[in-house]
Amino acid sequence: MLVEAFLLMKWFHIESRLAWTDSLVHTGLLAGASLLISQNLAYYHPQKGKYLYLLVYATILSVIWLTFSTCLMRSIFPYKTEYYHWMIDALPVRYIIGWLIITGMGMKSLVWHELGEQRALMARKDATERMAREAELFKLRQQLQPHFLFNSLNSINALIMLRPQQAREMVLKLSDFLRGSIKREDQQWISLTEELQYLEWYLDIEKVRFGHRLSTEVSSVVEAQAMQMPPMLLQPVVENAIKYGLYDTTEAITITIRAWKEDELLKIEVRNPFDPVLQQPHRGTGFGLSSIRRRLYLLFARNDLLETQAIDNIYTTLIKVPQPNDKSSNH
């Protein structure tokens, strides 16, 4: 408004009273027209031909704005003949300027609200995907428990008649294990120390089942003990090691579990012996390891966090866990 009034006075030599009134009327009504098209497009979004709709709407609104402004000025100053001649000559230029401003405001409003709808759609999509991912993670965790529970109950059933004291001990340990499982249902992250405590309850049950045939060596460096990891991640790995290390042999075995920190990753290695004559190493990557791989992918969107290898009758499983506060991880 200030710029227009200045131009009218300095370039076209229109008296100040006329210049200020003209500027106020045209600029004020133009602002109202811009606000009108902006608010209208905020509530009405044609699905087809929206840009054509915008151009037609802006054109009609520009005609209404300029007509109303001109009529208003004629009613305010009915006897300024020389000014009216200038105003008629200026109509094409004013119309173009007004049309560009109204169309620009309409375009800005249209794009702004479309981006808002896209953001809302992406937020709903992310929420849906997150819920689906969490549901799949929960399902994977739940699938581990019945498998282990059935094995434990079968072992308890076998021990009741032969070794009732060990059966009672196994029931108590199973109770502690399941109680710990329930406490971890709502936890997305726990420390390595907590996971190893949970694993110890599991191993206590398995040692009752297999007696002297099963021994374990668990070690972790101090700096790794406070690092975070998903709960119940190690049980299926160790269960896999027991299954393919003990089931097809009568000899005693030792399962080694080692954890350390490297490159801001928590690395956990599980090693177990196997008999290559009775089984093939690749058979050790059943549901247990596939569920671990799937969980790690759902959490971090990476397929390189689980590695397995078999060398010299030793099967090794390596798990790499990025930390929740590590910005380089993709979770």
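The values are calculated or read from the model by the stated rules, or taken from the named source; none is laboratory data. Being a predicted model, the structure only gives us computed values, none of them experimental. Glycine also receives a Cβ, built like all others from the backbone with ideal geometry; neighbour counts cover every protein chain displayed. With ligands, DNA and RNA removed, areas are computed over all heavy atoms of the protein, side chains included. Shrake-Rupley method; radii C 1.70, N 1.55, O 1.52, S 1.80 Å.
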Check your understanding: Out of the stretch 302-331, which residues are surrounded by fewer than 12 Cβ atoms within 10 Å (Cβ to Cβ), modelled with pLDDT of 85 or more and within 20 Å of the chain's Cα centre (by Cα)?
Key -> Asn303, Asp304
Review point. Within the set of pairs 6 or more residues apart or between chains, which connect a residue that is under 12 Å from Ala241 (Cα atoms) and touching a residue at least 12 places away in the same chain (Cβ under 8 Å) inside the stretch 308-320 to a residue that is part of a strand (DSSP E or B) and open to solvent by 20 Å² or more (accessible area, probe 1.4 Å) with Cβ atoms less than 6 Å apart?
Key: Ile314/Arg271; Ile314/Pro273; Thr316/Arg271; Thr316/Gln309; Thr317/Thr308
Practice item. Select from the stretch 57-83 the residues that are farther than 20 Å from Leu24 by Cβ and touching a Gly at 6+ places or on another chain (Cβ under 9 Å) and write down the one among them that is surrounded by the fewest Cβ atoms within 10 Å (Cβ to Cβ). Key: Tyr57
Check your understanding: Across the stretch 187-208, what is the total count of residues that are open to solvent by less than 50 Å² (accessible area, probe 1.4 Å) and in a helix (DSSP H, G or I)?
Key -> 11
Check your understanding: Which of the residues that make up the stretch 16-27 are surrounded by 12 or more Cβ atoms within 10 Å (Cβ to Cβ) and not β-branched (Val, Ile, Thr)?
Key -> Leu18, Ala19, Trp20, Asp22, Ser23, Leu24, His26
Revision key, fill the gap. Checked the stretch 192-232 for anything at pLDDT 90 or above, under 19 Å from Asn272 (Cα atoms) and small (Gly, Ala, Ser); matches are Ser215, Ser219, Ser220
Point to revise | Residue that is most open to solvent (accessible area, probe 1.4 Å), among those in the stretch 84-124 that are among the hydroxyl-bearing types (Ser, Thr, Tyr) and closer than 19 Å to Ser34 by Cα | key: Tyr95
